[in-house]
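Asker: I'd like to ask you about the structure that follows.
The values are calculated or read from the model by the stated rules, or taken from the named source; none is laboratory data. Predicted model only: the values in this text are computed from it and were never measured. No Cβ is skipped: glycine too gets one built from the backbone with ideal geometry, and neighbour counts run over all protein chains shown. Only protein heavy atoms, including side chains, enter the accessible area calculation; ligands, DNA and RNA are left aside. Shrake-Rupley method; radii C 1.70, N 1.55, O 1.52, S 1.80 Å.
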Amino acid sequence: MGTGTHAASGRPRHALLDMIDLLRSTAVEQAALVRSGEVSARELVESSLQAIERLNPECNAFVALSPERALAEAAGVRPGDPRPLCGVPVGIKDLLSATEGLPTTQGSRAFGDWVADHDAAHVRRLRRAGAIVIGKTNTPELGLRPVTENARFGATRNPHAPALSAGGSSGGSAAAVAAGMVALADGSDLGGSIRIPAACCGLVGLKPSLGRVPIGPDFGDIGGGMAADGVLTRTVLDTATALDAIAGYEPGERRPAARPGVPFTEAAGGTPARLAVRVALSAPFGVPVDAEPRAAARAAADALALLGHDVSEGVPDWDDPGFPASWATFLTGAAQHLVRVVERLHGRAVAAAELEPATRAWLVEATPVTLVDYLEAGERLWAYARRLLRTWPDDQILVTPTLTRLPAPVGGIRSEAGVTDDAVRFSAFVRPWNVTGQPAITLPVHVTADGVPVGAQIVGPPGRDDIVLAVAAELEATIGRSAAA
């Protein structure tokens, strides 16, 4: 990958802002510096490219870069630019999201490199908000694993502990933000793929509500609407700022979510009314939960109690003996369909022999899920969602550990076909909210003795991303960013 070289601009820079400090600042802070003229967008992009050149060989977050276009776009950003992300370098996940002029490989050798002539809706909206796309970030093949390891590009490592995984499937984006290469990166979440790596890397990761962020123009209904695009950041305000930029209706969207009455940034800056907070320390379906994740959720609950919320312990009605089989059937059908979608986007048939063995066995060589079985599995999942939401008060949030375990060692999770026990161990607390469509956010609230961040998850009522962001911001201000990257 080429990264360009840093050239002195001759512009004055704040005495306390060297390159590392600049990239460790938040996306909102970076945009403010560019807007004020204190830092140029070109300086910011050059600093990001230099950081990638220095840090990427160890953590393997970026798999493709666009230095020439990024620098050219930065040259067009001037002081006084009112856009909320003016001049801010960002990374885009190398999965599905069309990114004009950059290859999208799906983390695989099997489909060739698709260089789109357009941006996905949320990528276009990030650019419209002033963000500058630096490059594409690593993902497991077709996003199918809770760790970011693939045969084409290799493993992405956790910047906090390089022997550990950054999580998946948005692990490249998480590592890029946690390492300080960029302050904001794109992710997607079908069963926890934003929240898992965010928790592993000490970041804020929001899975928005069903229909909040458009998935067009290339897709109609991937995964029955359970998949969501979002971002990984170091602060709740950065996440809210990005959500304001990317949320909203696009023509043809099948499940658009109604926008709340105030911007998400305003919600993140306000104080929520007293809420009922349920704390669940045990996971659905009897999945074991380790001590450190439980400690993170307990710390979040204790902080919310001190803030005046009505905190009680208990689990939602989330156990259902039919859920695991329904999830496995539905996800398998959705993943088999995904192969067809990628073939259509890339304009070529999959080279099955080039797929990783587990992917090939699961999605190509296995008997296809029939349409009726896929629809029946979906019906059982939607019935599960209705039952769970029927008893969910409008003013209640749920706090859980984000993960049931700490990050896995690189190479420590075997690549196997299907919905594996390892995958369920990572996704037990996060996947139900893809089924119900509720907003769910993770933020770092605890650190192990070895310096590994641990996240807690906040789940809100349907459609209330504003409440989730407000409570997360309260927690962030109370227990601080001590566990963050």
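Asker: Could you point to the residue in V123, G192, S170 farthest towards the positive end of the stretch 114-207's charge dipole, with +1 and -1 charges on the Cβ of Lys/Arg and Asp/Glu respectively?
Answerer: Farthest towards the positive pole: V123.
Asker: How far apart, in nm, are the 7 Å Cα→Cβ label points at R414 and A72?
Answerer: So the two model labels end up 4.9 nm from each other.
Asker: Turning to a different aspect of this structure: Please compute the net charge surrounding P208, taking Lys and Arg as +1 and Asp and Glu as -1 over other residues with Cβ under 10 Å from its Cβ.
Answerer: The answer is -1.
Asker: Any idea of the accessible area per residue across the chain, 1.4 Å probe, to the nearest Å²?
Answerer: 36
Asker: Something else now. In what sequence, highest mean first, do 252-258, 158-164 appear when ranked by Cβ atoms within 10 angstrom?
Answerer: 158-164, 252-258
Asker: Counting only DSSP beta bridges with both residues in the chain, tell me the antiparallel percent, nearest 5.
Answerer: Of those bridges, close to 70 percent are antiparallel.
Asker: In bins 10 Å wide, starting from 0, what share of all Cα pairs of the stretch 317-363 does each bin hold, as a percent?
Answerer: Calculated over all Cα pairs of the stretch 317-363, the distribution is 23, 41, 22, 12, 2 percent.
Asker: Would you mind telling me the share, in percent, of accessible area of the stretch 73-178 contributed by carbon and sulfur at probe 1.4 angstrom?
Answerer: Summing carbon and sulfur atoms, their accessible area is 53 percent of the total for the stretch 73-178.
Asker: Order H337, H309, H118 by their accessible area, 1.4 angstrom probe, all chains in place, largest first.
Answerer: Highest to lowest solvent-accessible surface, that is H337, H118, H309.
Asker: Shifting gears a bit: With N residues in the chain, what two-decimal value do you get for its Cα radius of gyration over 2.2 N^0.38 Å?
Answerer: 0.90
Asker: Using each residue's phi in the stretch 363-380, evaluate 6.51 cos²θ - 1.76 cosθ + 1.60 at θ = phi - 60° and report the 3J(HN,Hα) Karplus result to the nearest Hz, with x for Gly and Pro.
Answerer: Rounded to whole hertz, the list is 9, 10, 7, 6, 4, x, 5, 6, 4, 5, 5, 4, 5, 5, 4, x, 4, 5.
Asker: With +1 on the Cβ of every Lys and Arg and -1 on the Cβ of every Asp and Glu, and nothing else charged, how large is the dipole of the chain about its Cα centre, in debye rounded to the nearest 20?
Answerer: 320
Asker: Pop out the carbon and sulfur fraction of the accessible area of the stretch 379-485 as a percent, whole number, probe 1.4 Å.
Answerer: 47
Asker: Moving to a separate point now. Measuring from the lowest to the highest alpha carbon on each principal axis, how far does the stretch 326-485 reach, largest first, in angstroms?
Answerer: Principal axes ranked by extent give 51, 41, 30 Å for the Cα atoms.
Asker: Rounded to the nearest 500, what is the chain's calculated 222 nm mean residue ellipticity when only DSSP H runs of at least 4 contribute -39500 (n - 2.57) each, over all residues?
Answerer: -11000 deg cm²/dmol
Asker: OK, next. Considering only protein heavy atoms and a probe of 1.4 Å, how much of the accessible area of the stretch 246-347 is carbon and sulfur, as a whole percent?
Answerer: Carbon plus sulfur share of accessible area: 52 percent.
Asker: Relative to the present Cα-Cα distance, how much length would full extension add between E250 and T271 at 0.36 nm per residue of separation?
Answerer: Fully extending the segment from E250 to T271 adds 4.5 nm.
Asker: Choose one of V147, A227, P321: the residue whose Cα lies farthest towards the positive end of the charge dipole of the chain (beta-carbon charges +1 Lys, Arg; -1 Asp, Glu; about the Cα centre).
Answerer: Most positive-ward Cα: A227.
Asker: Stretched out fully, how many nm does the piece from V262 to E379 gain, at 0.36 nm a residue minus the Cα gap?
Answerer: Length difference between fully extended and current span is 38.7 nm.
Asker: On to the next question. May I have the pair-distance distribution P(r) for the stretch 178-285, computed from all Cα-Cα distances with 10 Å bins from 0 and rounded to whole percent?
Answerer: 13, 38, 37, 11, 0
Asker: To the nearest 20 debye, what is the magnitude of the charge dipole of the stretch 106-224 about its Cα centre, counting +1 on the Cβ of each Lys and Arg and -1 on the Cβ of each Asp and Glu?
Answerer: Charge dipole of the stretch 106-224: 260 debye, to the nearest 20.
Asker: Starting at the first residue of the stretch 65-81, write each ³J(HN,Hα) from the Karplus equation 6.51 cos²θ - 1.76 cosθ + 1.60 with θ = phi - 60°, in whole Hz, x for Gly and Pro.
Answerer: 10, 10, x, 5, 5, 4, 5, 5, 5, 4, 5, x, 8, 10, x, x, 4
Asker: Something else: What's the ranking of 233-243, 360-370 by average number of surrounding C-beta atoms within 10 Å, highest first?
Answerer: 233-243, 360-370
Asker: I need the peptides 27-35, 143-151, 311-319 ranked by packing, meaning the mean over residues of other C-beta atoms within 10 angstrom, with the highest value on top.
Answerer: In decreasing order of mean packing, 27-35, 143-151, 311-319 become 143-151, 27-35, 311-319.
Asker: D395 versus R152, label points 7 Å from Cα toward the beta carbon: distance in nm?
Answerer: Here the modelled spin labels are 5.1 nm apart.
Asker: In addition: Note down the relative contact order for the chain as a percent, whole number, built from C-alpha pairs under 8 angstrom at least six residues apart.
Answerer: 17
Asker: If you place +1 on the Cβ of every Lys and Arg, -1 on the Cβ of every Asp and Glu, and leave all else neutral, what size is the dipole of the stretch 173-238 about its Cα centre, to the nearest 20 Debye?
Answerer: In debye, rounded to 20, the stretch 173-238 gives about 240.
Asker: State the answer as a single residue: which of V435, Y384, I413 lies farthest towards the positive end of the charge dipole of the stretch 357-485, with beta carbon charges of +1 for Lys and Arg and -1 for Asp and Glu, about the Cα centre.
Answerer: It is I413, whose Cα lies furthest towards the positive end.
Asker: Which order do H122, H346 take by accessible area at a 1.4 Å probe, largest first?
Answerer: My answer, sorted largest first, is H346, H122.
Asker: Here's a follow-up. Keeping every protein chain in place, order S40, S165 by accessible area at 1.4 Å, biggest value first, i.e. largest first.
Answerer: Heavy-atom accessible area, descending, gives S40, S165.
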